[in-house]
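Note sheet for the following structure.
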Amino acid sequence: MSTAAEETALNALCGALGDEWVTESSEADRVGARRPKWVVHADGTERASAALRIAAEHGMSVVPRGGGSKLDRGESPERVDLLLDLSAADEVVEHAAGDLVVRAEAGAPLREVQRTVAAAGQQLSVEDPHPAATLGGVIATRSAGPCRHLHGGVRDLIIGITVVCADGTVASSGGKVVKNVAGYDLGKLFTGSYGTLGVVTEAIFRLHPLAEERRWVAVTLPDPRAAAEAARLLRISRAMPTAVELDRPAGRAPITVCAELEGRSGVTRERAAELASSLGEELGQTCEVSGTAPEWWGRLPGEPGTGTGIRMASRPADLAELLEGAGRVEDETGVELQLRGAAGLGVLDGWVPDGSPDESVAALVEGVRARAAALDGYTTVSRAPENVKRLVDVWGPVPSGALALMRRTKDQFDPERRLAPGRFVGGL
Amino acid sequence: MTDRTPEPESARQERQPVPPTEAAANPDGAFDAFNPPQRELIDDCVHCGFCLPSCPTYELWGEEMDSPRGRIHLMESGLDGEPLSGSMVEHFDNCLGCMACVTACPSGVQYGPLINRTRAQVERNHRREPGQRWLRRLIFGLFPYKRRLSALRLPLALYQRLRIDALLRRSGLFAKMPAHLRAMESLVPPVRRASRLPARVPARGRRRAVVGMLTGCVQHAFFPDVNNATARVLAAEGCEVVVPEKQGCCGALSEHSGREREAVEFAKRTVEAFDSAGVDYVVINSAGCGSTLKEYPRLLADEPRYAAAAERLSARVRDVAELLVELGPSARLNPLNLTVAYHDACHLSHGQGIRTQPRELLRGIPGLELREINRGEICCGSAGVYNLLQPRAAAELGDLKARNVRDTGADLLVTANPGCSMQIRTALRGRGADLPVAHTVQILDAAVRGERAESLLNR
Amino acid sequence: MESTEPAPPTREGASADLDGCVELLGKLLPEESLITDRQRVRTYECDGLASYRTVPAAVVLPENAEQVRSAVAACSEHGVPFVARGSGTGLSAGALPRSDGVLIVTSKMRRILELDIANERAVVEPGVVNLDVTKAAAPHGYYFAPDPSSQQVCSVGGNVAENSGGAHCLKYGFTTNHVLAAQVVTADGELVELGGAAHDAPGYDLLGSFIGSEGTLGVVTSITVRLLRSPESVRTLLAGFPSTDEAGAAVSAMIAAGVTPAAVEMMDALSITAAEQAVRCGYPEGAGAVLVVELDGPRPEVERTFTEVWQHCDEHGAFEIRTAADETERALIWKGRKSAFAAVGRISRDYIVQDGVIPRTALPEVLRRIAELSAESGVRVANVFHAGDGNLHPLVLFDGSEPGAAERAEEVSGAILELCVEQGGSITGEHGVGADKVRYMGRMFTAEDLDVMQCVRCAFDPAGLCNPGKVFPTPRLCGEAPGRRRGVHPLTEAGLAEQF
């Protein structure tokens, strides 16, 4: 963009949105390695649409932002002219408690949404390790916490969505009723699309009742096979756990496998005691029941904002192979991982602190990736220093048939490639 | 017992007589004006498809035109102007008439009358190829006639005793025989001598009812043991059993194959035989016959001289299991250490809604374990004379049934229909399993008489 | 209602070569897999919504994925539209054939390819009957959760197309929540794997877009479904209420108290009468409404909440409450509900099954309005619905032999849908849009909404050959940007399409 063109575009933005909604960017606004030219603030769908329309007219590339907790995710975009900040669009528009539904703007912090619905004894069954996470960010990056095990992911809970397309067109799909099969489901398509198809401005979610009582049943085992067996027994138990997680601290420490039970007061502790005793019997180990979650529960391993985070996944029954495979790669590369995650689903997060040589970290990623791929699984890099990102493919390979369809989808939604270009899989 | 059932007039003619004069073939459709499938019954079908999984031919081929919904659709298009083509007839012929779809239908579509009328139309308005015509003439000139069937017993017994079957198979000649003949040959059960039933069997103990017994054609010729066991069990339960001499075929085989005039004639004779017998109930141990007798009022609706008697008779008709449960079993049953699988004959379960009674009777025998057959609602492929007319489909269905029967791990198969009995035994043999087969009353008879389980297994 | 509106053309309508396509199909497929005999083909002219009928040019009955692929490729090569069909039980004419197209029927593809109990999943062909998945998994203590009323007939492929739910989707969700991966044939004849073996693989959730697209994005050839552990305990309760108001209040009380039943079903007096006649289910006599409530899960949890549910029903005016003591009694309670649609045939010669959704809390208001509509028009309406999620199934009764009756019923049925949209609900909760409700899409969505959805369609099926004329009123041309439609649409101008 020439200086003159930049000037024209900025004027158009200020003219359409109002001066106070357009600001210069700072270092804190970086999206990966790229610093945007301007930050445009939007307080709702309408202003977001206006911003995207002007961006389209002036050929500007756009990355949306909510709480800013995950701007380091994905590849660095090829270019970013505008950072579209939706934190001002933070209203919880409607909580229909009797219908177990909440509708909120994309910039609404997840915490706020939870606070609102908790007043009626309800919860949005989505967790995000970042306290600043907003609904929009949760959708775009497909956040998940332990209760993903029972309640499903964001895609399974989102029932309606409003998006602004690359040219400013506003479109909605779904609605505020849980059961609805009219039209295509854009909510699922946009979930986990990292801002590359459009900007989410509003969403409607189904809710669940809050449990009266919660209990955690945990067992610690030194051997990955035994840990995987514990996870399997919890996964197939008829106690219906809300979550089955594991934690393996650094240094190949013993693995703690922990299940959460939720339900009516009184009976939940009964169920937990029963589960602990039957599990203990099967494993020949003592299982602990606790009224509070372990301190690592629902948090990503490692220090937030530092180090290299990876996610590895396989079929749930291949958990032992996944764990052992990671162990072998650690031996090969001399880099140690902290591991934590959804043992019941076969999805684990790993973390390496800063300080290891970049090449070794990259080798670790590639090694884990190869082992996961052999199990029909995948490995992605959730965050990493730019030096490491330069050495590895953040997303890893995607099967060619599906990737071709994804490309065609991207071409339809963003034919000019102005929405977070290059940030997502396969350079989308 | 003498068997002097004369052949009905109509059956002697090569083609069915032309029905009343107004019946001119419809130039713009499949059916003539005499009793076409009823439009209002067709309209009851809402096309929901619930019948599909219950239909044996849909189970085999997964094609709409060989499903009840598809056949009703074909009837409808026939009424709407489509001609009675060879392909249309093929799909009607493929129907086993098992009526499982009637059980499955939530809208209460009366498929029975629809397919019966359609078959009658096909017989009247469609000229089959010569081989098929010859085969049908052979079947319908043989099975409904006890005397002719009985006359076959001796040569068949010789055939089996002299191991001609094995010889034929070894020589490869068997494989060269037409499929229909092969089917017929392989279905024949072991022919055995059995004592004849007297005209009257007194009740044991207090008399609770006088029952007339229909002895059937195939049952009579190939399963005389079943008739004897029926009479003994009934007597043990306090029934005086009357076996009217004049009875012949009830018309079931003809009725189910669209030979309506023939069926009507048989029905008239059966009504005559039992109307004057002075019995409280008419008991039947063959599922197909029972369901036809219960339908006599509809079959004889256009016969003013017989209509009232048909109503009287059908009100008294009971399947043997139905009657035993109705009376409440009172005979002392000895234990039988036996695991059996019970096969629902279509004409009993779908045709008459009799599913619980035989099971209840069997469960009442101390020591006996009853197992259910997976996909029990699917027909075994016997379906009257279907296995003779459509041997390929019938054999596939028989094999499917045999697999499911074998999977129960039972020692013995119980079923209340001679056709099913022959069909499943043949199919089991094809799978290398020689599972004994018995009728419900034979098991009860053994329990009443205190026979050992081995006597049933070693028959 | 008989016969359809003219089908909108495919985008390559002009270059279509139907004869060439059928000839090619004959070369590519085994003889028995291609049906062109008119009478045979005609049995496929409609699905479960028989008021829409179109005889397809040919029917293909593939036996494996490769045959589906080559059939689609042949259609694509000759520009011929195609429609996929499973068991043909759909209630929105979603599998209505095209007279200028090929119908691809998956009823012969009914193998369960893999039962992977260790990973709690199964891989099935699209023609596998929904209930057969559960039957196969049951001996291992698992089941397939989506349970549409037609589950003993409908195919998993059809479930994928329609995103089928069922009575138990209140707690467990729809087909889309239970499919992990699928192999599909896209409109250009390519076999593509969507989803994957591991959870949450990176990339666009194309599987989420595909499921529920009503056959407009491709033909599914295998499906990896999630199996759920069969619950430790299931309790079922039947409660008779004087009217739907009391029954509705009882449901509200349950939800407010934090109970998530596996299913909550309601039937009104007229539908109870019909079910009673059809299957003699023995529902409480004189009930103005019955509730069927089912709870499942770990035993202590179920026992506790079951007592609560019983109390909620009791407190809100239930005059009779029965609990199922065993599987037979449970089956009998469900029998009345599950047979309700077809059973209405016993009390009315003809009827329309409507499928609309409202926010659950609007139930009393909407039922009152439906009663008013019924009173004003003299058209009887029986109500059967999933009371937990506001999915209504009003059954609009009429006698087609009476002049004008069908039109009056159509009107009432349409007015009920308007009511649903007005309340912020949906025009379809589970039956789909198909051909039947295309005309209502514009009431629920803006032109921009529909255009943006069309972007997905264009990615999968740029030539518009895949089940054209369903779901969307007027197709945006691929390559044409959404939301900027100026002047008259070229197809409208050509008189080929109509804007609703």
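Looking at A:Leu100, is it surrounded by 21 or more Cβ atoms within 10 Å (Cβ to Cβ), more than 30 Å from C:Gly212 (Cβ to Cβ) and touching a helix residue (DSSP H, G or I) at 6+ places or on another chain (Cβ under 9 Å)?
In short, no.
Which members of the range C:408-435 meet the condition of being within 12 Å of chain A (Cβ to nearest Cβ) and not in a helix (DSSP H, G or I)?
C:Gln423, C:Gly424, C:Gly425, C:Ser426, C:Ile427, C:Thr428, C:Gly429, C:Glu430, C:His431, C:Gly432, C:Val433, C:Gly434
Filter the range A:179-203 down to the residues that are over 19 Å from C:Tyr440 (Cα atoms), within 7 Å of chain C (Cβ to nearest Cβ) and assigned to a loop (DSSP other than H, G, I, E, B) and list them by number.
A:Thr191, A:Gly192, A:Ser193, listed by residue number.
Please go through the range B:91-130 and give me each residue that is closer than 17 Å to B:Arg259 by Cβ, in a loop (DSSP other than H, G, I, E, B) and within 14 Å of chain C (Cβ to nearest Cβ), ordered by number.
Passing the criteria: B:Cys95, B:His126.
Just the residues that are at the interface with chain A (Cβ under 7 Å from one of its Cβ atoms), under 25 Å from the mean Cα position of the chain (by Cα) and crowded, with 23+ Cβ neighbours inside 10 Å, please, taken from the range C:187-212.
Correct list: C:Leu194, C:Tyr204, C:Asp205, C:Leu206, C:Gly208, C:Ser209, C:Gly212.
Kindly provide the set of residues from the range C:147-181 that are among the hydrophobic types (A, V, I, L, M, F, W, C) and either touching a Gly at 6+ places or on another chain (Cβ under 6 Å) or part of a loop (DSSP other than H, G, I, E, B) (or both), ordered by number.
C:Val153, C:Cys154, C:Ala161, C:Ala167, C:Leu170, C:Phe174, C:Leu180, C:Ala181
Can you find, within the range C:345-363, the residue that is nearest to the other protein chains (Cβ to nearest Cβ) among those that are farther than 16 Å from C:Ser252 by Cα and of a type in the set (S, T, N, Q)?
Restricting to residues being farther than 16 Å from C:Ser252 by Cα and of a type in the set (S, T, N, Q), the top hit is C:Ser348.
Please determine, by comparing only the residues of the range A:335-380 that are among the basic types (Lys, Arg) and within 14 Å of another protein chain (Cβ to nearest Cβ), which one is nearest to the chain's Cα centre (by Cα).
A:Arg369
Applying the selection to the range C:213-232, what residues are of a type outside the set (Gly, Ala, Ser), in a loop (DSSP other than H, G, I, E, B) and either facing chain A (nearest Cβ under 7 Å) or surrounded by fewer than 24 Cβ atoms within 10 Å (Cβ to Cβ) (or both)?
Scanning the range C:213-232 gives C:Pro231, C:Glu232.
Within the range C:156-167, is there a residue that is in contact with a strand residue (DSSP E or B) (Cβ under 8 Å, 6 or more places away or on another chain), surrounded by fewer than 22 Cβ atoms within 10 Å (Cβ to Cβ), away from chain A (no Cβ under 14 Å) and at negative phi?
no
Can you tell which of C:Val59, C:Val41 is within 11 Å of another protein chain (Cβ to nearest Cβ), modelled with pLDDT of 95 or more and not in a helix (DSSP H, G or I)?
C:Val59 is the lone residue from the list that is within 11 Å of another protein chain (Cβ to nearest Cβ), modelled with pLDDT of 95 or more and not in a helix (DSSP H, G or I).
For the range B:56-67, how many residues meet the condition of being surrounded by 19 or more Cβ atoms within 10 Å (Cβ to Cβ), within 11 Å of chain C (Cβ to nearest Cβ) and either touching a residue at least 40 places away in the same chain (Cβ under 8 Å) or touching a His at 6+ places or on another chain (Cβ under 8 Å) (or both)?
Residues meeting the conditions: 4.
Across the range C:450-459, what is the total count of residues that are touching a residue at least 60 places away in the same chain (Cβ under 8 Å) and at the interface with another protein chain (Cβ under 7 Å from one of its Cβ atoms)?
Matching residues across the range C:450-459 total 1.
Among the residues of the range B:319-333, how many are in contact with a helix residue (DSSP H, G or I) (Cβ under 7 Å, 6 or more places away or on another chain), closer than 21 Å to B:Ser291 by Cβ and not small (Gly, Ala, Ser)?
Within the range B:319-333, residues that are in contact with a helix residue (DSSP H, G or I) (Cβ under 7 Å, 6 or more places away or on another chain), closer than 21 Å to B:Ser291 by Cβ and not small (Gly, Ala, Ser) number 5.
Just one of A:Arg214, A:Arg206 is in contact with a Leu (Cβ under 8 Å, 6 or more places away or on another chain), within 12 Å of another protein chain (Cβ to nearest Cβ) and closer than 30 Å to A:Ala108 by Cα; which is it?
A:Arg206
Just the residues that are at pLDDT 90 or above and hydroxyl-bearing (Ser, Thr, Tyr), please, taken from the range C:305-350.
Residues satisfying the conditions are C:Thr305, C:Thr307, C:Thr323.
If a residue counts only when it is in contact with a Leu (Cβ under 7 Å, 6 or more places away or on another chain), in the same structural domain as A:Gln338 (by TED's automatic domain parsing) and crowded, with 17+ Cβ neighbours inside 10 Å, which helices (runs of 4 or more DSSP H) contained entirely in the range A:351-428 have at least 2 such residues?
In the range A:351-428, A:358-374 are the helices (runs of 4 or more DSSP H) which contain 2 or more residues that are in contact with a Leu (Cβ under 7 Å, 6 or more places away or on another chain), in the same structural domain as A:Gln338 (by TED's automatic domain parsing) and crowded, with 17+ Cβ neighbours inside 10 Å.
Is the range B:79-90 home to any residue that is within 11 Å of chain C (Cβ to nearest Cβ) and buried (at least 22 other Cβ atoms within 10 Å of the Cβ)?
The answer is yes, given that some residue of the range B:79-90 is within 11 Å of chain C (Cβ to nearest Cβ) and buried (at least 22 other Cβ atoms within 10 Å of the Cβ).
Restricted to the range B:237-260, and to residues that are modelled with pLDDT of 85 or more and among the charged types (D, E, K, R), which residue is surrounded by the fewest Cβ atoms within 10 Å (Cβ to Cβ)?
B:Glu240
Does C:Glu402 satisfy the condition of being without any contact (Cβ under 8 Å) to a residue 60 or more places away in the chain, in the same structural domain as C:Val366 (by TED's automatic domain parsing) and assigned to a helix (DSSP H, G or I)?
So C:Glu402 fails the test.
Please give the number of the condition A:Arg155 fails out of (1) at the interface with chain C (Cβ under 7 Å from one of its Cβ atoms); (2) assigned to a loop (DSSP other than H, G, I, E, B); (3) out of contact with any Cys (no Cβ under 8 Å at 6 or more places or on another chain).
Going through the list (1) at the interface with chain C (Cβ under 7 Å from one of its Cβ atoms); (2) assigned to a loop (DSSP other than H, G, I, E, B); (3) out of contact with any Cys (no Cβ under 8 Å at 6 or more places or on another chain), A:Arg155 breaks only (2).
Listed residues A:Leu82, A:Leu86, A:Leu52; which is crowded, with 23+ Cβ neighbours inside 10 Å, out of contact with any helix residue (DSSP H, G or I) (no Cβ under 8 Å at 6 or more places or on another chain) and within 19 Å of A:Gly195 (Cα to Cα)?
On inspection, the qualifying residue turns out to be A:Leu52.
Could you list all residues from the range C:436-449 that are within 7 Å of chain A (Cβ to nearest Cβ) and either part of a loop (DSSP other than H, G, I, E, B) or over 20 Å from the mean Cα position of the chain (by Cα) (or both)?
Of everything in the range C:436-449, those that are within 7 Å of chain A (Cβ to nearest Cβ) and either part of a loop (DSSP other than H, G, I, E, B) or over 20 Å from the mean Cα position of the chain (by Cα) (or both) turn out to be C:Phe445, C:Glu448, C:Asp449.
State whether the residues of the range A:126-149 include one that is free of Cβ contacts under 8 Å to residues at least 40 places away in the same chain, surrounded by fewer than 23 Cβ atoms within 10 Å (Cβ to Cβ), at the interface with chain C (Cβ under 10 Å from one of its Cβ atoms) and not β-branched (Val, Ile, Thr).
So far as the range A:126-149 goes, no, none of its residues is free of Cβ contacts under 8 Å to residues at least 40 places away in the same chain, surrounded by fewer than 23 Cβ atoms within 10 Å (Cβ to Cβ), at the interface with chain C (Cβ under 10 Å from one of its Cβ atoms) and not β-branched (Val, Ile, Thr).
Only one of (1) part of a loop (DSSP other than H, G, I, E, B); (2) acidic (Asp, Glu); (3) within 14 Å of chain C (Cβ to nearest Cβ) is not met by A:Glu303, so which one is it?
(3)
The values are calculated or read from the model by the stated rules, or taken from the named source; none is laboratory data. Fair warning: this is a prediction, and the values are worked out from it, not measured in the lab. Methodologically, a virtual Cβ is constructed for each residue, glycine included, from the backbone with ideal geometry; neighbour enumeration extends over all protein chains shown.
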